[in-house]
Amino acid sequence: MAFFTRSNLDDLRREADQLSICVEHFLYASEIVPEWDEKTKGFYDNCIEKCNGRLKAIHFLMENIRTQGQTPDETALNSEK
């Protein structure tokens, strides 16, 4: 784990925390707001988009952390999988 930078791990942790918050907002709203309410449709869509963005950021950070300790040849081999 020596090739992980503190910054990357902190960024990953921060994104995971934000994803958790997005999911909690969605769960809270789904428990108290009727799904058919047109006013909340935008809220649900926004939550889903935010969660999707956080997941993409987490995926990018994890890939970045994983490939930092590899040589360029190893990185190319892993990207082909």
> For segment 64-78, does any single residue satisfy the condition of being at pLDDT 85 or above and under 11 Å from the mean Cα position of the chain (by Cα)?
Replying inline: no
> Any idea which residue in segment 1-54 is modelled with the lowest pLDDT, counting only those that are β-branched (V, I, T), loosely packed, with under 15 Cβ neighbours inside 10 Å and over 20 Å from Q68 (Cα atoms)?
Replying inline: V33
> Of the residues that sit in segment 26-41 and are within 18 Å of N52 (Cα to Cα) and among the aliphatic types (A, V, I, L, M), which one is farthest from the chain's Cα centre (by Cα)?
Replying inline: A29
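The values are calculated or read from the model by the stated rules, or taken from the named source; none is laboratory data. What you see is a predicted model; the values in this text were computed from it and never measured. Here Cβ is always computed from backbone atoms with ideal geometry, including for glycine, and neighbour counts include all displayed protein chains.
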